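*Asks:* Quick one: structure below, then a few questions.
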Amino acid sequence: MNFFAHQEQARRQTRRMLVLFALAVVVIVAAIDLVLLVALGADAHNAQGIRAGGVLAISLFVLLVIGCGSLYRIATLSGGGVAVARQLGAVPVPADTTDFAWRRLHNVVEEIAIASGVPVPAVYVLEEEACINAFAAGYAPTDAAITVTRGALDKLTRAELQGVIAHEFSHVLNGDMRLNIRLMGVVFGILVVATIGRKIAQLAGRGRSRDSGGVVAFGLALFVVGYLGVVGARLIKAAISRQREFLADASAVQFTRQTEGIAGALKKIGALAEGSKLASADKEEVAHMLFGDGVGYSALFATHPPLRARIQRLDPAFRADELKAIAAAWSQPVPASEDDDSADVSIAGFAPVARIRPVASVAGAALPAADARLSLSPPRVAAQVGNPGHDDRRAAQGLRGAIPPPLREAARAPAQAMSLVYALLLSQEPEVRARQLDLVASRRDGATRDRVDGLFAALADLHPMQRLPLASLAFPALRRRPRPQLAAFTALLDQLIGADDRITLGEYCLARLVKLQVIEALDPGAVRMTGRVKLPTVAAELRDVLAIVARHGHDDEASARRAFALGLHEALPGSAIAYAPPPVWMSALDQALPRLDWLAPAGKELVIRALTRAIGADGVVSVAEAELLRTICAGLHCPLPPLLQQ
């Protein structure tokens, strides 16, 4: 299933969830009304009007409680994935950590983020959890947080850890995280009804009035009905969660191109005493987010498919007695070395489950020359969106590994991340660069100016395709800055770009990605991954974007017109829209992308195919054009890997 099909499926699941929960709420209200009618009917002095008024009042009260409870819980999670991680007591992993286990985890997350074309998420560790588990939380990739237990760090090899993280990135890419947070909110709202019923019964039970017995009975009824509603809500939550786990396992295999990693992690969960069960008191609320079963429910309440069924899909030759052999292997530790991040041993120094069979060279894929011309396939590029494969991982390894360590360290350091982004925008022309550095000194200080100047010199030998991935490494540090600092940061970016009164594609792409992936994370709850708008409704915006892409990718007017026509035919066959490039392309693109972002998934797929067709109409694509395509895709919340399929 491709990204767009899964987005559509996630939208259908959301609608289905809302319908099921609405039915559950109706049943809860009806049951409570029935209890009230029985109570009022037992008293002959109550008139029909009093019964009707009481039922209406209680119905409104229950609906208000559930609605306010759900909204309150979702509001407490408005901080996105970081809020969920901190709720469970997870600690952040600094990007510049020197701890070997944390550094290995951060390296794996960075590689998969670059390969997926999404911002590097925040990374957290549940240090008190000895089990093997992990989860991804957030509203969108821009505010995602990956959390891993200490047991996973200690017990998994790098290949196994990579399989687990790839599984979690599937949830990041496919929009599962937003649904997970909504599930937490709705279940909490129903739980509030049961809690209020219990409190009413307790308080009334302490009283000595003659009427207290009826109040206690009503409170108990409210508690029982509310708790039954919670049970029903958990059944719905579990059913939705189980459907997505097999798909996430398959996505992890596609990405890593080997099954031993993720299968090995699942086997260790089944073999070792700690398994995947969390000790946290909040484990039930996040059970549907976890890599493995963190609670221990069975049958209808299970949030995950049976462990052996998951393993057998990955390894059809799996036998149950393998788990005993794995457990026995843990009695024979082997030394673990911190010198090689790719060592196929666990941090704790125990023997791995199995050696990973070589599938291809693990070296990073070769990067094209700076002036290379690429030939692209629109269907294959569209298929890459949110669907990274093994080649994308190799490309990410090449991109990340070839970045000089001082630049990687600068990107990760909170004190240098902003300076690095400023340096990426400095002009090659000495006079323009001098004006830009003066702007930095006047808006910041002399020390920042010198730091930016030094980083610019270090960027001299950087491959053009490494510039945006390097900037993305700085995004986690940037997102931790206060809102006023980020506002001043983006304002200075605009001034640096305009220092020479012209904007290049590279400058626009970098600034646009910063605003999309950093500023958007300040209000993650407002992000929408998919919409309902049909493509003909935004034909004007499609025209502008296609015209901009066609004009920048072709040297003459005739070629640009032909590219525009080919792209338009890909998205809207038979349309007679004329080629008319906007006079100010940057502002036109900024205005068009938010409108196109409201497209339904199928419409977004057509837009990306149309853009690829227009860019590659002359048979070749420059690195700058490819970066523009990736930036537009990011604006549509359709993450595209760095190396496009030719």
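The values are calculated or read from the model by the stated rules, or taken from the named source; none is laboratory data. Remember, it's a predicted structure, so these values are computed and weren't measured experimentally. Neighbour counts are summed over all protein chains in view; Cβ atoms, including those assigned to glycine, are modelled from backbone coordinates with ideal geometry.
*Asks:* Of all residues in region 138-154, which are closer than 17 Å to Ile112 by Cα, small (Gly, Ala, Ser) and either surrounded by fewer than 24 Cβ atoms within 10 Å (Cβ to Cβ) or at pLDDT 90 or above (or both)?
*Replies:* Answer for region 138-154, where residues must be closer than 17 Å to Ile112 by Cα, small (Gly, Ala, Ser) and either surrounded by fewer than 24 Cβ atoms within 10 Å (Cβ to Cβ) or at pLDDT 90 or above (or both): just Ala145.
*Asks:* With (1) under 23 Å from Ser587 (Cβ atoms); (2) surrounded by fewer than 20 Cβ atoms within 10 Å (Cβ to Cβ); (3) among the small types (Gly, Ala, Ser) as the list, and Gly446 as the residue in question, which single condition is left unmet?
*Replies:* (1)
*Asks:* Restricting the search to region 498-526, which residues are without any contact (Cβ under 8 Å) to a residue 12 or more places away in the chain and assigned to a helix (DSSP H, G or I)?
*Replies:* Correct list: Gly498, Ala526.
*Asks:* Which residues, taken from region 577-589, are surrounded by 15 or more Cβ atoms within 10 Å (Cβ to Cβ) and either in contact (Cβ under 8 Å) with a residue 40 or more places away in the chain or among the polar types (S, T, N, Q) (or both)? Spell out the reasoning first.
*Replies:* From region 577-589, those surrounded by 15 or more Cβ atoms within 10 Å (Cβ to Cβ) are 577, 579, 581-582, 585-586, 588-589; that's our starting set.
Residues satisfying the conditions are Met586, Ala588, Leu589.
*Asks:* Which residue out of Glu110, Glu168, Glu129 is surrounded by fewer than 24 Cβ atoms within 10 Å (Cβ to Cβ), touching a helix residue (DSSP H, G or I) at 6+ places or on another chain (Cβ under 9 Å) and of a type in the set (Asp, Glu)? Before you say what the answer is, go through the steps one by one.
*Replies:* Working: Glu168 fails: surrounded by fewer than 24 Cβ atoms within 10 Å (Cβ to Cβ); Glu129 fails: surrounded by fewer than 24 Cβ atoms within 10 Å (Cβ to Cβ).
After ruling out the rest, the residue left standing is Glu110.
*Asks:* Among the residues in region 225-248, are any within 22 Å of the chain's Cα centre (by Cα) and not in a helix (DSSP H, G or I)?
*Replies:* Keep residues of region 225-248 that are within 22 Å of the chain's Cα centre (by Cα), which gives 237-248.
Still in the list and also not in a helix (DSSP H, G or I): none.
Checking region 225-248: not a single residue is within 22 Å of the chain's Cα centre (by Cα) and not in a helix (DSSP H, G or I).
*Asks:* Could we say that Ala122 is within 18 Å of Met184 (Cβ to Cβ) and within 12 Å of the chain's Cα centre (by Cα) here?
*Replies:* Considered against the rule, which asks whether it is within 18 Å of Met184 (Cβ to Cβ) and within 12 Å of the chain's Cα centre (by Cα), Ala122 comes out as no.
*Asks:* Now, a different point. Restricting attention to region 466-477, does a residue exist that is surrounded by fewer than 17 Cβ atoms within 10 Å (Cβ to Cβ) and at negative phi?
*Replies:* First pass over region 466-477, keeping only residues surrounded by fewer than 17 Cβ atoms within 10 Å (Cβ to Cβ): none.
No; the residues of region 466-477 include none that is surrounded by fewer than 17 Cβ atoms within 10 Å (Cβ to Cβ) and at negative phi.
*Asks:* Now for a separate question. What number of residues within region 182-204 satisfy the criterion of being within 32 Å of the chain's Cα centre (by Cα) and either within 29 Å of Ala263 (Cβ to Cβ) or free of Cβ contacts under 8 Å to residues at least 40 places away in the same chain (or both)?
*Replies:* At the first step, the residues of region 182-204 found to be within 32 Å of the chain's Cα centre (by Cα) are 182-193.
In the following step, the residues that additionally are either within 29 Å of Ala263 (Cβ to Cβ) or free of Cβ contacts under 8 Å to residues at least 40 places away in the same chain (or both) were identified as 183.
Going through region 182-204 one residue at a time, the tally reaches 1.
*Asks:* Can I ask one more? Quick check on region 603-638: of everything there that is assigned to a helix (DSSP H, G or I) and in contact with an Asp or Glu (Cβ under 6 Å, 6 or more places away or on another chain), which residue is surrounded by the fewest Cβ atoms within 10 Å (Cβ to Cβ)?
*Replies:* To start, the set of residues in region 603-638 that are assigned to a helix (DSSP H, G or I) comprises 603-615, 623-635.
Within this subset, residues satisfying the condition of being in contact with an Asp or Glu (Cβ under 6 Å, 6 or more places away or on another chain) are 609-610, 613, 615.
Working: Arg609: 19, Ala610: 25, Arg613: 26, Ile615: 29.
The residue in question is Arg609.
*Asks:* Continuing with the same structure: Being outside any loop (DSSP other than H, G, I, E, B), under 26 Å from the mean Cα position of the chain (by Cα) and not assigned by TED's automatic domain parsing to the domain that holds Pro141 narrows it down to one of Pro594, Pro641, so name that one.
*Replies:* Details: Pro641 fails: outside any loop (DSSP other than H, G, I, E, B).
Just a single option satisfies the conditions, and that option is Pro594.
Condition check ((1) surrounded by fewer than 20 Cβ atoms within 10 Å (Cβ to Cβ); (2) modelled with pLDDT of 90 or more) across all residues:
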| site | (1), (2) |
| --- | --- |
| Phe246 | yes, no |
| Val253 | no, no |
| Arg257 | yes, no |
| Gly261 | no, no |
| Lys268 | no, yes |
| Asp282 | yes, no |
| Val286 | no, no |
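*Asks:* Among residues belonging to region 288-329 that are of a type in the set (Asp, Glu), in a loop (DSSP other than H, G, I, E, B) and crowded, with 17+ Cβ neighbours inside 10 Å, point out the one that is nearest to the chain's Cα centre (by Cα).
*Replies:* Restricting to residues being of a type in the set (Asp, Glu), in a loop (DSSP other than H, G, I, E, B) and crowded, with 17+ Cβ neighbours inside 10 Å, the top hit is Asp293.
*Asks:* Could you tell me whether region 548-558 includes any residue that is within 22 Å of Cys509 (Cβ to Cβ), crowded, with 19+ Cβ neighbours inside 10 Å and small (Gly, Ala, Ser)?
*Replies:* Yes.
*Asks:* Within region 424-443, is even one residue hydroxyl-bearing (Ser, Thr, Tyr), within 30 Å of Gly401 (Cβ to Cβ) and under 33 Å from the mean Cα position of the chain (by Cα)? Even if it seems obvious, please write down each step before you answer.
*Replies:* Of all residues in region 424-443, those hydroxyl-bearing (Ser, Thr, Tyr) come to 427, 442.
With within 30 Å of Gly401 (Cβ to Cβ) added as a condition, the list becomes 427.
Adding the requirement that they be under 33 Å from the mean Cα position of the chain (by Cα) leaves none.
For region 424-443, residues hydroxyl-bearing (Ser, Thr, Tyr), within 30 Å of Gly401 (Cβ to Cβ) and under 33 Å from the mean Cα position of the chain (by Cα): absent.
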